[in-house]
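**Q** There's a structure below that I have some questions on.
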Amino acid sequence: MSVVLASLTPAYWQSTLLKLVVAAILVPTTALILGIVFLFKVMSWMQSRKGPQEAGPRGLLQLLADGAKFVQKEDLVPDKADRFVFKAAPLVVLMSTLLLYTVLPASEHLVIANLDVGIFFALAVSSLSVIGVLMAGWGSANKYSLMGGLRAGGQLIAYELPMVLAVVGVVIQAGTLSLNGIVLAQANGSIFGFSGLGNPFVLTQFIGFFIFLAAVQAELTQPPFDMPVAESELVGGYQVEYSGFRFLTFFLAEFATAFAFAGIAATLFLGGWWFPGVDPSSNAYWVLGPVVLFTKIMIVSFIIFWVRFTYPRFREDQLQAFAWKWLIPLALVNILLTAVLKVAF
Amino acid sequence: MSSADAGTQAETTEAEAEPIPTDERREALVESLRAELGDDLVGSHIRPGDDVWVRVSRDAWRAAGDAVKHKLGCTYFDFLSAIDWLPSPFGRDMDSQEDLVVHGAEPKEPAPMVAGYAGGDTRLQVFARVSSLEHRVGVTLKADLPDAEPSIDSWIPLYAGANWHERETWEMFGITFVGHPHLIHLYLPGDFEGYPLRKDFPLLARRVKPWPGIVDVEAMPGGGDDESDEGEGASE
Amino acid sequence: MTAISDRQHLSELAARAADNRLNVDFESEGMTLNIGPQHPATHGTLRIVAKLDGEQVVSAEPVAGYMHRGYEKLTEVRTYPQVTTLVNRIDWLGSFANEVPFILAAEKLMEIEAPPRAQHIRTILFELSRIANISLFLGDLGIQLGGLSVGFYAFRDREFVLNQIEAATGGRFHPNFDRIGGLKDDLPKGWIAETHTAMDKLRAFCDEVEDILIGNEIFQKRTRGVGIIPPEIAKSYGLSGPNLRGSGIDWDLRRDMCPPGLVYDKVDWKVWTHPDGDSFARSWIRLQETREATKIVDQLLDSIPSGPIMAKVPRIIKVPEGEAWVATENPLGEMGYYVVSKGDLVPFRVKIRSASFNNVSVVPWVCRGVYVPDVITILASLYFILGDIDR
């Protein structure tokens, strides 16, 4: 099959365009899937209620209905707001999400940009969303938004460090920054000589996995780290002045980013698109890869959303203390241990 | 049972043969207050086994609070408010305006003003209640206020919780509390005129919409009493 | 002027006019933040004007009165039986509890005692209203602090209690069941067994809440040491209920000054206190009180005496002249009625002493120097109902 596809080699601009279109379609679709499955069905089940039932069979089309509702709303910009900053903020956040999807591999060849510094690029672009959040908070000309934006900025910056440090442990063990390389390192690795299950890094890097998930929870401003959008306090924080399509952009970006981060976590720790028993270079991965990755993303997302629906939220200073006094030292210890053990074995 | 004034006693028992119960604890309470305040303790009333009322003169309001707090140990602040003893010139406001207008009923003569327990000479009376949690007893204090200038000392230095109660009493009755740091409206909007809980302030809902009034009901089976006054269909 | 700058100019004028209408004056240093009146965190339309210095609160002034309905004026034109309808709506989550002190005050003036069966059932319904009220508090605590799921569990499990109240009285939220001299009706058949089941379910709910919320580390970090109220301040502000017991003061009106007409002396139960005085203490006590209330109801259900449900009262109720004060330990705290009667069909003056009025008046004192999220935690733990503050 690869022969057939090779003979179809399109021009560079055509293949790039195809990849961008795929990314553009993928982002809202994944947000939709995550939203429906977790936000409506799983959350309702955990809260012992039924959730939306009207739109579509068993309420499955609810998000489409919500999307249509948002799109047809009036485009409001507050009087005193800085119009350019206000309008650009959601787009900046969405842009960082779209960039994140460009390096996520669904199989060895199904990736939009197979960068050698894949994970480094991913972490870098994910931090662009901070700019968008600060723009939203300031540009809304609203005290609540400002407070929410500042809280969010502080939180996002604080939790990037644990995320990066947790990833460093994985990189040391895999020996490469490329995401495909990390998957292959897990596939070809072995646990104490037993190579049947490969070596998913969640086993050796369990500290890193925990830190990464906590940091992801904070990057997505989900409870217990959702001070910036604390519903019962600031009522929406930096998003409070946004309505209609702009709010939809924030919403989309949040869920799509959740999907992307879950994908990165699955790639780094659970083996990504690789399934134990199937050789990494086999052609089955053209179909199996995305399916396997999707399953692993659902598992990680379940954990993220489960924590979201259960825990009360941290206060801002407690949140920062958690990051600086606990997660970062723990991550540094993890790196030290990984480096020592890597050299020793 | 001791009462110093014309305050009516609700527990005048039917059988004269029953011994009149006494309440030594509460009587001792009144006596110790009298020792503290002397002539300023103008009236008192005890319902044995139940409650005690004490009336002080207006100028001794702060001193009385001090006495109950420090001498009697009543450190728990219950509430502070006022009573307007003027019988309402609108009667019970339950006679239908239609009846009055259509049938030309006579406006009611307001009944003479009679004060309650522990007596009282004026129309407006401030009353407050404090309790002692250790001794499990509470005391209600009252003070008369002159109509011309209804003002009294604030109790905030003694009981911090009196702040909101005094604000509410001021806006509802028009009683000024001397020494209150911030006497502004609590419930009513900033530009409200009048003092709603005074008896001569009409209940505006009944002005706007006449009360249904006497409703024709069938006599209850088994003998009819005087006319039923429980008009259903109240819409307030 | 273009249309846009016209609008901007008008909105500026409107904002300045609104500021002038505000009848509290503040010097403007730092930022002034309005928490409310529309806000998911405050239990209703309460507005807190907080002056901030960064994230710390310099002063927090509650502005109440958005729900003031003038009850004390309205009672002057209501006959005594009609007042219970009014008074149901003061603390609307535990409505039966509002009627009880008023009825007891009227009974005291009339020197009527309700028959033992009525007293017993009155106490049962009183405790059921306490459970209904405080189980909502536990759910709401979770919602305000971010753990939304607990709120749903609270609403789901509270239905069992509301069903029982509805079966007995006909109304889930506003029973209007208490009458001078007894109760309106007797209990329906099978009610006792069903209520036992409901109490078991509520105990399971309390265990669940303890697991998911009170025992949660994040919750404890948010509430321990936040909003400490020392006992002297609590007494001088007249705090009551769990707010008072949370500061270590062992005072419960059901045990210490129970008005005749409720049968707490026939039940074996415990008063819960906590020495800390912080938000955690108040929340924890309410959880324990809910459990205790279920045990009280279970004991009472097994020992209801038989007999009439209503004493002999005249059809037209004219309460003799006098004054009476009755206070009971309502779910929110101490609620009392000071009834002044002139021997007429309607009361002469009723002073309603509601618990939340005093509980909220302590907010300016307790919120000095805390962070903004802590204001929400403190408000949540003080637990007020707007109808109780504003009457």
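The values are calculated or read from the model by the stated rules, or taken from the named source; none is laboratory data. Keep in mind that what you see is a predicted model, and the values were worked out from it rather than measured. We place every Cβ from the backbone using ideal geometry, glycine too, and count neighbours over all the protein chains shown.
**Q** Suppose the filter is over 30 Å from residue A:41 (Cβ atoms) and assigned to a helix (DSSP H, G or I); does residue A:324 pass it?
**A** Details: over 30 Å from residue A:41 (Cβ atoms): yes; assigned to a helix (DSSP H, G or I): yes.
So residue A:324 passes the test.
**Q** Residue check: is residue C:283 of a type in the set (Ser, Thr, Tyr) and either within 12 Å of chain B (Cβ to nearest Cβ) or buried (at least 23 other Cβ atoms within 10 Å of the Cβ) (or both)?
**A** Yes.
**Q** Which residue is surrounded by the most Cβ atoms within 10 Å (Cβ to Cβ), if the candidates are limited to the range C:302-335 and must be at the interface with chain B (Cβ under 7 Å from one of its Cβ atoms) and at negative phi?
**A** Of everything passing the filter in the range C:302-335, C:323 is surrounded by the most Cβ atoms within 10 Å (Cβ to Cβ).
**Q** Could you pull out every one of the helices (runs of 4 or more DSSP H) wholly within the range A:29-112 that has 1 or more residues that are touching a Leu at 6+ places or on another chain (Cβ under 9 Å), farther than 30 Å from residue A:283 by Cα and among the small types (Gly, Ala, Ser)?
**A** Ranges flagged: A:62-71, A:83-101.
**Q** Could you count how many residues in the range A:244-291 are part of a helix (DSSP H, G or I) and under 17 Å from residue A:101 (Cα atoms)?
**A** Number of matching residues: 23.
For every residue, the table says whether it meets (1) modelled with pLDDT under 85; (2) of a type outside the set (Gly, Ala, Ser); (3) in contact with a Pro (Cβ under 9 Å, 6 or more places away or on another chain).
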| residue | (1), (2), (3) |
| --- | --- |
| A:284 | yes, no, no |
| A:296 | no, yes, no |
| A:306 | no, yes, no |
| A:316 | yes, yes, yes |
| A:329 | no, yes, no |
| A:335 | no, yes, no |
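**Q** If you take the residues in the range A:41-81 that are within 14 Å of chain C (Cβ to nearest Cβ) and without any contact (Cβ under 8 Å) to a residue 60 or more places away in the chain, which one is farthest from residue A:304 (Cα to Cα)?
**A** Across the range A:41-81, the extreme among qualifying residues is A:77.
**Q** From the list A:272, A:277, which residue is crowded, with 24+ Cβ neighbours inside 10 Å and under 30 Å from residue A:185 (Cβ atoms)?
**A** Working: A:277 fails: crowded, with 24+ Cβ neighbours inside 10 Å.
Selected residue: A:272, the only one of A:272, A:277 that is crowded, with 24+ Cβ neighbours inside 10 Å and under 30 Å from residue A:185 (Cβ atoms).
**Q** Continuing with the same structure: Scanning for something within 28 Å of residue C:159 (Cα to Cα), within 18 Å of the chain's Cα centre (by Cα), within 14 Å of another protein chain (Cβ to nearest Cβ) and buried (at least 22 other Cβ atoms within 10 Å of the Cβ), does the range C:95-111 turn up at least one residue?
**A** Yes, because at least one residue in the range C:95-111 is within 28 Å of residue C:159 (Cα to Cα), within 18 Å of the chain's Cα centre (by Cα), within 14 Å of another protein chain (Cβ to nearest Cβ) and buried (at least 22 other Cβ atoms within 10 Å of the Cβ).
Condition check ((1) more than 14 Å from chain C (Cβ to nearest Cβ); (2) touching a Gly at 6+ places or on another chain (Cβ under 6 Å); (3) at positive phi; (4) not polar (S, T, N, Q)) across all residues:
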site: A:294; (1), (2), (3), (4): yes, no, no, yes
site: A:297; (1), (2), (3), (4): yes, yes, no, yes
site: A:300; (1), (2), (3), (4): yes, no, no, yes
site: A:307; (1), (2), (3), (4): no, no, no, yes
site: A:310; (1), (2), (3), (4): no, no, no, no
site: A:316; (1), (2), (3), (4): no, no, no, yes
site: A:324; (1), (2), (3), (4): yes, no, no, yes
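**Q** For the range C:232-254, what are the residues that are out of contact with any Pro (no Cβ under 9 Å at 6 or more places or on another chain) and at the interface with chain B (Cβ under 10 Å from one of its Cβ atoms)?
**A** C:232, C:233, C:234, C:235, C:236, C:237, C:238, C:239, C:240, C:250, C:251
**Q** If you don't mind, there's one more thing I want to ask. Determine if the range C:64-72 includes at least one residue that is buried (at least 23 other Cβ atoms within 10 Å of the Cβ), within 18 Å of residue C:385 (Cα to Cα) and at pLDDT 75 or above.
**A** Within the range C:64-72, one or more residues are buried (at least 23 other Cβ atoms within 10 Å of the Cβ), within 18 Å of residue C:385 (Cα to Cα) and at pLDDT 75 or above.
**Q** Scan (1) surrounded by fewer than 16 Cβ atoms within 10 Å (Cβ to Cβ); (2) at pLDDT 85 or above for the single condition residue B:107 breaks and write down its number.
**A** Tallying (1) surrounded by fewer than 16 Cβ atoms within 10 Å (Cβ to Cβ); (2) at pLDDT 85 or above, residue B:107 fails exactly one: (2).
**Q** Taking the residues in the range C:133-173 that are away from chain A (no Cβ under 14 Å) and β-branched (Val, Ile, Thr) as candidates, determine which candidate is surrounded by the most Cβ atoms within 10 Å (Cβ to Cβ). Full working, then the answer.
**A** Step one: filter the range C:133-173 for residues away from chain A (no Cβ under 14 Å), giving C:133-137, C:161-173.
Narrowing the set further to residues that are β-branched (Val, Ile, Thr) leaves C:134, C:161, C:165, C:169.
Details: C:134: 26, C:161: 28, C:165: 24, C:169: 21.
So the residue we want is C:161.
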